[in-house]
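What follows is a short report on a single structure.
Any read-out appearing in this document is the output of simple, stated calculations on the displayed coordinates, not a laboratory observation. Just so it is clear, the structure is predicted and the values come from calculations on it, not from any experiment. Because the Cβ atoms are built from the backbone with ideal geometry, glycine has one as well, and the counts that use them run over all protein chains shown.
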Amino acid sequence: MKFPRLQRRTLALIAVIVPLLLLFIYVAARSGPLAPTEVTVSTVESRTVSPALFGIGTVQARYTYKIGPTFAGRLKRLDVHVGDVVKAGQVLGEMDAVDLDDRIVAQQAAIKSSEAALKQASAKQDFAQTQASRYEQLLAVRGTSEESTAIKRQELAIANAALTAAREDAVRLRADLEALRAQRGNLRLIAPVAGLVATRDADPGTTVVAGQAVVEVIDPTSLWIETRFDQISANGLAPGLPTKITLRSRQSNVLAGRVMRIEPRADAVTEETLAKIIFDTPPTPLPPLGELAEITVRLDELPAAPTIPNASLRTVNGKRGVWKLVNGDLTFVPLTLGRADLDGHVQVANGLAAGDRVVVYSDKILSAKSRIHIVERLAGVSP
């Protein structure tokens with residue numbers, strides 16, 4: 001049977017178009033908007049986890065010694081600089097005596113004057129004592145009047161008071177002299193302990209007041225890290241737990257440490273628990289005070305419970321949960337979560353059982369009506 005030329009062309013065109021259309025439908029169903037969503041799945045396992053806390057802190061010195069003069073004056077010299085290592089008893093600097101020596105000389109002169117006054121008061125007291133005794137004897141044999149004897153008694157009382165005042169004045173002046181001499185001996189600024197100069201707050205020629213710090217020395221073996229942990233996850237934090245310390249300037253060097261103590265007062269504004277972390281071995285070189293550090297504390301291992309990858313968690317309609325596979329279909333299951341570890345696992349307190357299968361990664365946003373295709377891994381996603 002022969003077909004007209006037009007019909008033969010039509011049949012040839014159809015023979016070409018139909019396979020192309022079928023190929024297009026196949027490609028669209030496999031990789032286009034109609035294609036199923038590729039997902040990776042994980043089976044819920046009952047396992048233990050070792051939860052960990054992560055915190056941020058700053059390096060501080062536990063023992064800090066602020067060294068300065070005990071009296072107001074001018075700094076004469078200062079022999080140390082920031083970063084210098086000093087020994088216990090080492091002279092760090094010296095204050096200028098200014099008028100201190102003149103004040104000591106004046107005080108010594110005042111003491112001599114008071115000693116002369118004391119001798120005079122003592123002599124008057126002795127004379128008044130003698131006169132009073134004599135008049136008491138005369139009164140006993142009626143050799144004088146009661147009025148004369150009373151006058152002598154009053155003169156003795158006045159002499160006794162003057163002598164007491166002269167003695168107290170002499171003691172006060174000697175004490176003042178000793179204080180001036182002590183100031184003279186305290187002109188030198190001495191390191192109370194071996195340590196490291198952390199700050200230098202004055203230069204020679206600067207006038208400082210009593211108690212003002214000129215140099216700050218820290219004990220390098222007493223460094224600790226003042227660390228903050230989120231209160232929600234800080235349950236189980238206790239003194240003695242081992243920690244990993246990563247200084248901001250030494251990211252590749254993880255240092256060992258431990259929790260020294262938990263502060264009794266938390267930060268009510270930031271809702272953080274405060275703790276002190278110490279190094280097992282002080283790092284070399286020592287980090288500067290105030291440097292940031294990342295702290296990881298591993299808590300005690302928890303009993304076995306259903307555990308899922310942290311990456312499988314999704315939020316749908318404000319609820320935290322996972323997409324669970326039930327007979328090949330997707331069902332969103334809200335969860336009550338337990339503790340998590342730093343390896344990416346989180347325990348489930350309620351909502352899943354061991355053996356359930358959940359979606360971990362997907363190349364599109366999922367819904368209950370999504371068609372899925374399970375794969376071993378997604379391109380560009382770490383297993």
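Mind counting the residues in region 317-335 that are surrounded by 15 or more Cβ atoms within 10 Å (Cβ to Cβ) and over 15 Å from T37 (Cβ atoms)?
5
Answer yes or no as to whether R357 is over 41 Å from the mean Cα position of the chain (by Cα) and among the basic types (K, R).
Against the criterion (over 41 Å from the mean Cα position of the chain (by Cα) and among the basic types (K, R)), R357 qualifies.
Checking A256 against (1) surrounded by fewer than 14 Cβ atoms within 10 Å (Cβ to Cβ); (2) part of a loop (DSSP other than H, G, I, E, B), which test does it fail?
It fails just one condition, (2).
Which residue, of E263, E291, E272, E216, is touching a Ser or Thr at 6+ places or on another chain (Cβ under 7 Å), of a type in the set (D, E, K, R) and either free of Cβ contacts under 8 Å to residues at least 60 places away in the same chain or buried (at least 18 other Cβ atoms within 10 Å of the Cβ) (or both)?
The unique qualifying residue is E216.
Across region 97-143, what is the number of residues that are outside any helix (DSSP H, G or I) and in contact (Cβ under 8 Å) with a residue 60 or more places away in the chain?
Looking only at that region, the number is 1.
Determine which single condition A128 fails, assuming it passes every other condition in (1) on the phi < 0 side of the Ramachandran plot; (2) within 60 Å of the chain's Cα centre (by Cα).
All conditions pass for A128, except number (2).
Just give me the residues in region 267-324 being charged (D, E, K, R) and more than 20 Å from T48 (Cβ to Cβ), in sequence order. Step through it out loud before you land on a result.
So the first thing to find is which residues in region 267-324 are charged (D, E, K, R), and the list is 267, 271-272, 276, 280, 291, 294, 298, 300-301, 314, 319-320, 324.
Selection gives D267, E271, E272, K276, D280, E291, E294, R314, K319, R320, K324.
Would you mind telling me which numbered condition in (1) touching a Gly at 6+ places or on another chain (Cβ under 7 Å); (2) on the phi > 0 side of the Ramachandran plot; (3) small (G, A, S) G205 fails?
Against the list (1) touching a Gly at 6+ places or on another chain (Cβ under 7 Å); (2) on the phi > 0 side of the Ramachandran plot; (3) small (G, A, S), G205 comes up short only on (1).
Conditions first: (1) over 20 Å from R339 (Cβ atoms); (2) surrounded by fewer than 16 Cβ atoms within 10 Å (Cβ to Cβ). G236 passes all but one, so which condition is the exception?
Among (1) over 20 Å from R339 (Cβ atoms); (2) surrounded by fewer than 16 Cβ atoms within 10 Å (Cβ to Cβ), the lone unmet condition for G236 is (1).
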